[in-house]
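S.K.: Starting off with a structure, shown below.
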Amino acid sequence: MIDLTQNKKNNVFVIYGGYTQEAAVSVRSGHHIIAHLDSSLFSVYEITFFEKMMVCVLDGKRFNIDLNTFSFTTDEGQTIHPDYCFIAVHGAPGENGQLQSLFELLDIPYFSVNSRISALTNHKYHSVCYAKSHDVCVAKNHYINTPNYDIEAICEKMNFPFFIKACKNGSSIGVSKAYTKEQADQLIKETLKIDDEIILEQAVSGREFTMGIFTLDNQIIITPPSEELLIENNIDFLSHENKIDSTKNITLTVANVDASLLAKMQDFVRNIYHIFGNKGVMRLDFILNHEDEQLYFLEINTIPGMSPQSIFPKMLVAAGMTFTHFLTQTIHEGIQQNDGASYA
């Protein structure tokens, strides 16, 4: 374990917000992180987006971030540099590798997987193809990157129902489910207005789970599985609206699984973590297919939601860890490991 009493008070920049539809979720995540950072160990600065600029909000004032150094200068002329950047931006530029690339160039340690893995996992089609190339089970799928698609050919290949997903969005934004050719055609057209790349994914009937995995103190930690209670809540799938609307009463809870299935899930999650770099924090979504009892990979979230309503902080509690301890250890280990770090 790290002896935190020997560490100086580090400057931590918590970056949240953005210009995508996920900005509101990101703001809640950022505020929750800030509220749980230990102020005796860290000097915390809020970094967000304003009029196409990144700014630090300090004492009610906004100070522009110099992207050449990712620092800002106060009214008193003091330039503040980060010792660590905690990326809490969901979607671009937080999950797609852009901020990661900048921090790698500036040699600033940060919260996230590296820029290459971020770009890969941020793209739903690329990530499932990459997983499949490593013999991981994935649902049958079809990729579209043009408005001139052939709906007849698609319906010959895909069985109903199937999902239509924007490739580069999170929080289930741009995710829908089609049951007929006419419905699929309309939903594809609507989704192409959100993202110029989409994936069609065969619906798999079964229990849907999510698990967190990360490395702390040189140990890989896997949280207990949580299950999306869709049928119990009379919901067909977990859409963006269902995620953010508390009246839908969506609950994610520690799943009731036997020891054999739990071990199978842990091996599955550990294998995917290894495939995608064996570093950082990942929340993995997958489904237990009723037909063949196989686990099917759905997607990876490398900057999971961290608001009070988000599942990841609850996963930490289920794993016997407080949110503050997770943040403290993650930041200190990131700073310590940064000397001579390689982002390859």
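S.K.: Using +1 at the Cβ of each Lys and Arg and -1 at the Cβ of each Asp and Glu in the chain, identify which of 109, 41, 85 lies farthest towards the dipole's positive end.
M.R.: Positive-end residue among those listed: 41.
S.K.: State, to one decimal in nm, how far the label point of residue 318 lies from the label point of residue 179, with both points 7 Å from Cα in the Cβ direction.
M.R.: 3.0
S.K.: For region 42-162, list log₁₀ I(q)/I(0) at each q in 0.09, 0.10, 0.19 Å⁻¹, using the Debye formula over Cα point scatterers of equal strength and ignoring solvent, two decimals each.
M.R.: Each listed q corresponds, in turn, to -0.42, -0.49, -1.04.
S.K.: Sticking with this structure for a sec: Going by amide H atoms built from the backbone, whose H comes under 5 Å of the H on residue 137, apart from near neighbours?
M.R.: 297
S.K.: Moving on to the next point. In deg cm²/dmol and to the nearest 500, what is the mean residue ellipticity at 222 nm of the chain if only DSSP H runs of at least 4 residues count, each as -39500 (n - 2.57), divided by the residue total?
M.R.: -9000 deg cm²/dmol
S.K.: Can you tell which of 329, 183, 21 shows the greatest fluctuation in a Gaussian network model of the chain with Cα springs below 10 Å?
M.R.: Comparing 329, 183, 21 in a Gaussian network model of the chain, the most mobile one is 183.
S.K.: Mind putting a number on the dipole of the chain about its Cα centre? Charges go on the C-beta only, +1 for Lys and Arg and -1 for Asp and Glu, and I need it in Debye to the nearest 20.
M.R.: Result for the chain is approximately 140 debye, rounded to the nearest 20.
S.K.: List the chymotrypsin sites (Phe, Trp or Tyr not before Pro) within region 254-344 that DSSP assigns to loop and that have no more than 16 neighbouring Cβ atoms inside 10 Å.
M.R.: Counting only loop positions with at most 16 other Cβ atoms within 10 Å, the chymotrypsin sites (Phe, Trp or Tyr not before Pro) in region 254-344 are 343.
S.K.: Please give the charge dipole size of region 15-88, origin at the Cα centre, charges +1 on K and R Cβ atoms and -1 on D and E Cβ atoms. Round to the nearest 20 debye.
M.R.: 220
S.K.: Then there is this: What does region 264-344 give for Rg and for Dmax, in Å, if only its C-alpha atoms count?
M.R.: 15.1, 49
S.K.: Please give me, ordered by residue number, the chymotrypsin sites (Phe, Trp or Tyr not before Pro) of region 91-188 that lie in loop per DSSP and have at most 14 other Cβ atoms within 10 Å.
M.R.: Here the chymotrypsin sites (Phe, Trp or Tyr not before Pro) that fit, given the DSSP loop and packing criteria, are 179.
S.K.: Please list, in chain and number order, the residues 5+ apart from residue 281 or on another chain whose amide H is under 5 Å from its amide H, with Hs placed from the backbone.
M.R.: Under 5 Å from the amide H of residue 281: 112, 113.
S.K.: At a threshold of 8 angstrom on Cα-Cα distance, excluding pairs fewer than six apart, so keeping six or more, what relative contact order does the chain reach in percent?
M.R.: About 19 percent, as a whole number.
S.K.: With loop defined by DSSP as not H, G, I, E or B, and exposure as at most 13 other Cβ atoms within 10 Å, which is the longest segment of the chain clear of exposed GluC sites (Glu not before Pro)?
M.R.: That gives 77-231 as the longest site-free run.
S.K.: If each of residue 150 and residue 67 carries a label point 7 Å out from its Cα toward its Cβ, how far apart are those two points in nm?
M.R.: Result: 4.2 nm between the two label points.
S.K.: Using DSSP to call loops (not H, G, I, E or B), can you name the trypsin sites (Lys or Arg not before Pro) in region 110-213 whose Cβ has at most 14 other Cβ atoms within 10 angstrom?
M.R.: Those satisfying the criteria are 140.
S.K.: Per residue, how big is the convex hull around the C-alpha atoms of region 4-111? Give it to me in cubic angstrom, could you?
M.R.: With only Cα atoms used, region 4-111 gives 109 Å³ per residue.
S.K.: Select from 113, 254, 269 the residue whose mean-square fluctuation is largest in a Gaussian network model of the chain (Cα-Cα springs shorter than 10 Å).
M.R.: 254
S.K.: Expressed as cubic angstrom per residue, what is the convex hull volume of the alpha carbon set of region 141-202?
M.R.: Roughly 66 Å³ of hull volume per residue.
S.K.: Given the chain, report the % of alpha carbon pairs whose separation exceeds 37 Å.
M.R.: Of all Cα-Cα pairs in the chain, 19 percent lie more than 37 Å apart.
S.K.: Can you count the Lys pairs in region 141-202 with C-alpha separation below 14 Å, eight or more apart or on different chains?
M.R.: Lysine pairs, 8 or more places apart or on different chains, close enough: 7.
S.K.: For each of 102, 67, 284, 187, count neighbouring Cβ atoms within 10 Å of the residue's Cβ, then give the residues from fewest to most.
M.R.: 67, 102, 187, 284
Read the figures in this text as sums done on the coordinates, not as results from a lab. Only a predicted model underlies this, so the values are computations on that prediction, with no experimental measurement involved. Neighbour counts are summed over all protein chains in view; Cβ atoms, including those assigned to glycine, are modelled from backbone coordinates with ideal geometry.
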